[in-house]
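The values are calculated or read from the model by the stated rules, or taken from the named source; none is laboratory data. Since we're looking at a predicted model, the values are computed, not measured. Quick reminder, even Gly has a Cβ in these numbers, built from the backbone with ideal geometry, and neighbours come from all protein chains shown.
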Amino acid sequence: MEFEIWWLLAFPLFFVLGWLAARVDIKQVMTESRALPNSYFRGLNFLLNEQPDKAIEAFLEVVKLEPETIDLHFALGALFRRRGELDRAIRMHENLLEREGLAEEQRLRAQGELGQDYLKAGLLDRAEEVFGKLLQTPQHGLARTYLLEIYVQEKDWQKAIDAARELEKDTSKPLNADIAHFYCELALLDAAKGNPDAAAAHLQLALATNRQSVRANLMSGDLDAAAGQHEAAIADWRLVETQSSAHMALVVERVLGSYRQLGRIDEGVLWLRALYARHPSQDVFSALYLAVSETEGAIAATQLAREELRRNPSLRTLDRLLEAQLINAEPGERELLQVEKSLVAAHSQRMMRYQCDSCGFKAKQFFWRCPACGRWDSFDPERREGEV
Ligand SMILES: [Zn+2]
């Protein structure tokens with residue numbers, strides 16, 4: 001076999017070439033690092049030692065000494081905004097924009113950052129102006145996303161609908177669930193102004209946009225009930241079960257109320273018992289328990305509470321069971337039961353909360369849009385027992 005001797009010569013050559021290449025890199029790095037002010041390394045050192053305040057001061061010095069460090073300007077600006085130091089973030093980005101000779105791409109980026117600073121500072125008019133200007137630029141996707149956020153915060157729902165539709169075209173991400181909420185918000189305003197026809201029309205648009213809009217059916221029922229049309233209201237509310245059985249927790253009291261208005265509470269209880277068998281949940285149980293106590297008496301209610309306690313042991317159910325037992329108790333037992341009940345009731349009431357699945361925010365009230373993280377439909381419609 002003929003071995004190609006020249007390969008043996010080639011190895012040291014590659015080695016030398018590699019070494020030279022490495023030296024060139026090292027040399028370049030050394031030159032660059034000499035060009036950087038000392039404060040840059042001090043800043044890095046503070047960062048590594050988890051002293052962000054001192055790091056920021058050091059980096060600010062670099063920015064003063066070396067105004068060409070554009071990326072460092074952006075990094076510091078974004079950092080200030082994240083830390084809530086919005087004055088500093090705004091100054092940083094305004095200074096960048098005042099600069100002559102800034103490349104177009106960086107100017108647009110600085111505008112986008114400044115818009116976000118204004119938005120976080122609650123200066124919605126200024127943010128809207130900045131993002132409005134960016135609509136005709138390559139930054140239009142970012143601009144529309146933030147404009148939509150601004151319109152939602154301003155509760156300008158018609159503008160929010162238009163912006164969301166444009167954004168859908170930009171990103172091909174469906175926003176129909178959000179748009180349906182915007183129509184529901186418009187319907188709420190109509191109803192508050194005493195215009196139920198306009199409200200009903202907006203709810204129809206919500207359902208046309210998103211057939212799964214639980215809120216539109218729930219609000220349609222509220223409108224019908226307010227107009228005394230309880231049969232229609234019950235039909236609207238019962239549609240919710242076909243969309244999301246969990247949301248029936250928000251509906252059951254309303255349905256029972258309308259059956260009561262129609263003088264057909266027994267029919268309502270029958271329906272509720274069947275619903276509870278299909279989708280047992282604490283909130284549905286609670287409504288059923290009250291209705292059964294009202295129509296069938298304490299013994300039937302005790303029986304129901306025992307079954308629920310076996311299915312799902314919880315303080316709230318125990319509270320119900322004690323309540324039902326208290327009604328039937330002998331005078332001698334009554335006192336102790338009363339103490340037990342008041343202890344359990346105080347605790348279970350304090351602990352029942354709706355919760356955002358996205359950020360964990362807890363509230364006594366149900367929200368369609370989380371007040372903490374701003375997401376739509378992130379609240380679990382069933383309350384949970386948990387730490388306060
Ligand atoms: Zn949230």
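General observations
- On inspection, residue 127 qualifies as touching a Phe, Trp or Tyr at 6+ places or on another chain (Cβ under 7 Å) and of a type in the set (Gly, Ala, Ser).
- Test result for residue 103, among the small types (Gly, Ala, Ser), surrounded by fewer than 14 Cβ atoms within 10 Å (Cβ to Cβ) and within 25 Å of residue 40 (Cβ to Cβ): yes
- Odd one out for residue 245 among (1) closer than 27 Å to residue 158 by Cα; (2) in contact with a helix residue (DSSP H, G or I) (Cβ under 8 Å, 6 or more places away or on another chain); (3) surrounded by fewer than 19 Cβ atoms within 10 Å (Cβ to Cβ): (1)
- Sub-8 Å Cβ pairs linking a first residue in segment 212-235 that is without any contact (Cβ under 8 Å) to a residue 12 or more places away in the chain to a second residue that is among the charged types (D, E, K, R) and in a helix (DSSP H, G or I), at least 6 apart or interchain, are 232/224, ordered by first then second residue.
- Flag for residue 235 being in contact with a Leu (Cβ under 9 Å, 6 or more places away or on another chain) and small (Gly, Ala, Ser): no
- Tabulated pairs, segment 369-385, first of a type in the set (Phe, Trp, Tyr), second near the ligand (Cβ under 8 Å from one of its atoms), C-beta under 6 angstrom, 6+ apart or interchain: 379/356
- Filter result for residue 189 (under 30 Å from residue 75 (Cα atoms), surrounded by fewer than 22 Cβ atoms within 10 Å (Cβ to Cβ) and of a type in the set (A, V, I, L, M)): no
- Qualifying residue in segment 272-291 (condition: over 23 Å from residue 314 (Cα atoms) and of a type in the set (Asp, Glu)): no
- Any hit, segment 106-118, residues being of a type in the set (Phe, Trp, Tyr), surrounded by 16 or more Cβ atoms within 10 Å (Cβ to Cβ) and closer than 20 Å to residue 154 by Cα: yes
- Check on residue 281, modelled with pLDDT under 85 and within 30 Å of residue 231 (Cβ to Cβ): yes
- The criterion of at least 2 residues that are touching a Pro at 6+ places or on another chain (Cβ under 6 Å) and surrounded by 14 or more Cβ atoms within 10 Å (Cβ to Cβ) is met by none of the helices (runs of 4 or more DSSP H) falling completely within segment 278-388.
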